[in-house]
Amino acid sequence: MMVPVEQATTLIPRLTYTKLLKQHLHILKNLQYRTGLFAASRKDIHTGYDKSWLRDNFYECLAFEVIGDWDTVERTYNALLNVFLKHEYKIDIAIAKKPRYKHEYIHARYHPETFNEFWEEWGNKQHDSIGAILFRIGELEHRYNRRILKDANHVRIVNKLVQYLEAVHYWCDEDNGVWEENEEVHASSVGACIAGLRSIAHLPEIQVPAWLIAKGEEALKKLLPRESKSKFVDLALLSLIYPYDVVTPKQRDEILKNVEYLLVRERGVIRYKNDHYYNKNQDGYSEEAEWSFGLSWLAIIYTHLGNKAKTEYFITKMLETQTQAGIPELFFSNTPTHNANTPLGWAESLFIVALHDMNTKFVGETPTPALSRQRVSRSTHKR
C-alpha cells in the first residue's frame, strides 16, 4: 500500500547520529579483508556470504565516501582492479568473441584474499556489476579528484571493461540481474551500464564510443517503467535514481510511486511480487521477504529530492531494522525474525549514507518528535 507520510511513529529514546554512525561504520569496517575487498556479510558466516561480490563492494564503499574515508575507498578499488587484472585473459576472450556460456562472462563474486573466481553457476552473469564499477571509478576520478587509475595497467583494464560491455551487447543481452536469478534484459542492469559508460567517458584516457551509450539509452527507454519482461516493478529500479541518476523526473516519479504502492512493507521493501527467496515462514504463511536496505534506499532518494517528511518517515522505519549484530539482509514476511545474513554489508552502507545525507541536508531544521527520540532496536531474533 502507499506509504502514509502522516502516519504516527513510535517515540523512542535519544541516540545521536554521531553514535549511530560510529557504531555502524565499525560493523561495516569489520567486513573488510586485508586485501581491501569486503565480504558480503560476516567473515565467519556459513551461508556463502563470506565471499566478495563486485556489486556489494561498490555499495559498501559508498558509506566511506560520504564520511571522506578515501584510504578505505582507494584500497577497495585498487583490489577490484586487481581482480580484473588477474582475470584479464578471460576478458580478452570475451572481447574477441561474444560469450555463449555463463562461465565465459566476467563473474560477480571472488575469493576475498586470492581473487580467484567462484565458477559455479548460480546466476553469475551480471552486467550491472561491471557498470557499477565503471560508474564509481569515473565519479571518484572526475568528480572527487581521487586517483584510482594509478598506472598503465589500470587504464588498460578499464578500457577493456568498456570493450567487454560492447562485446556482450549489454543493451540487449539477457543477464541474471541484481538478484542473480532468471536471465532477462533488466532495466537496472542496462541503466548501470549506461551510468558506468557516461561516467568513465569523462576520463580522457578511457575510450567510450558515443553510440555505445546511445544503444543503452534507447533500450532503457523501451524497458521502463518495467524492470524486465516478467517484472513490472522491482526494488532494483531504485538504483536508476540513486546512485546512477539515469532516469527523467517523470520516470523517477513513476518508479517511486510503483515501489511505494506495491513493495513497501513494515520492516523493509520486498524485491518484487512473488519473490520466493526466504519467503517460507514457520507458521506456513508464505509471502515475500522484506529487505531492510530498501527503507534506507528510499530515505536517501527522498533526502536528495528535499522531501523532509518522506525522508524522516523512512528513517524512522529504518531505525527499527537494527539488531545487535547490525542491519539484516531481510526479515521473513510479517515477522520480526531476520535471516542469518546479518549484518549485510551493503545494507549497513546504505543505512550509514541515509543517516549522513539526512543529517547534512536538513541540518539546523527542527526534527520531528520521532527523530528527536531515536533508539537502536536490540532484537535478538534468530533465523
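Worth pointing out:
- From HIS276, HIS356, residue being within 23 Å of THR72 (Cβ to Cβ), modelled with pLDDT under 95 and surrounded by fewer than 24 Cβ atoms within 10 Å (Cβ to Cβ): HIS356
- Search result, residues across the range 103-141 that are of a type outside the set (Val, Ile, Thr), surrounded by fewer than 16 Cβ atoms within 10 Å (Cβ to Cβ) and at pLDDT 95 or above: GLU113, ASN116
- Any hit, the range 321-334, residues being under 22 Å from ILE67 (Cβ atoms) and either hydrophobic (A, V, I, L, M, F, W, C) or outside the structural domain of THR16 (by TED's automatic domain parsing) (or both): yes
- The listed residue being touching a residue at least 24 places away in the same chain (Cβ under 8 Å), assigned by TED's automatic domain parsing to the domain that holds GLY216 and assigned to a loop (DSSP other than H, G, I, E, B), out of GLY123, GLY196: GLY123
- Residue match in the range 247-263 (condition: under 23 Å from HIS169 (Cβ atoms), in contact with a helix residue (DSSP H, G or I) (Cβ under 7 Å, 6 or more places away or on another chain) and touching a residue at least 12 places away in the same chain (Cβ under 8 Å)): yes
- Applying the set (1) more than 16 Å from the chain's Cα centre (by Cα); (2) surrounded by 22 or more Cβ atoms within 10 Å (Cβ to Cβ); (3) β-branched (Val, Ile, Thr) to ILE45 leaves exactly one unmet item: (2).
- Here VAL73 does not qualify as within 21 Å of LYS125 (Cβ to Cβ) and either at pLDDT 95 or above or surrounded by fewer than 19 Cβ atoms within 10 Å (Cβ to Cβ) (or both).
- Filtering the range 206-225 for residues that are in a loop (DSSP other than H, G, I, E, B), of a type in the set (S, T, N, Q) and surrounded by fewer than 20 Cβ atoms within 10 Å (Cβ to Cβ) leaves a non-empty set.
- Residues located in the range 142-169, provided they are assigned to a helix (DSSP H, G or I) and closer than 20 Å to TYR242 by Cβ: HIS142, ARG143
- Any hit, the range 74-97, residues being closer than 20 Å to ILE194 by Cα, in a loop (DSSP other than H, G, I, E, B), in the same structural domain as TYR59 (by TED's automatic domain parsing) and not small (Gly, Ala, Ser): no
- The test for being touching a Ser or Thr at 6+ places or on another chain (Cβ under 6 Å) and not in a helix (DSSP H, G or I) does not hold for GLY48.
- Test: LEU240 is crowded, with 19+ Cβ neighbours inside 10 Å and within 25 Å of ALA354 (Cβ to Cβ): yes
- Residues located in the range 100-110, provided they are within 19 Å of ARG55 (Cβ to Cβ) and either in a loop (DSSP other than H, G, I, E, B) or charged (D, E, K, R) (or both): LYS102, TYR105, ILE106, HIS107, ALA108, ARG109
- Residues located in the range 230-252, provided they are among the basic types (Lys, Arg) and outside any loop (DSSP other than H, G, I, E, B): LYS250, ARG252
- When LEU344 is tested against (1) aliphatic (A, V, I, L, M); (2) in contact with a Ser or Thr (Cβ under 7 Å, 6 or more places away or on another chain); (3) surrounded by fewer than 24 Cβ atoms within 10 Å (Cβ to Cβ), only condition (3) is not met.
The values are calculated or read from the model by the stated rules, or taken from the named source; none is laboratory data. Because the structure is predicted, anything quoted here is derived from the model rather than measured. Here the Cβ is made from the backbone with ideal geometry for all residues, glycine too, and neighbour counts use every protein chain on show.
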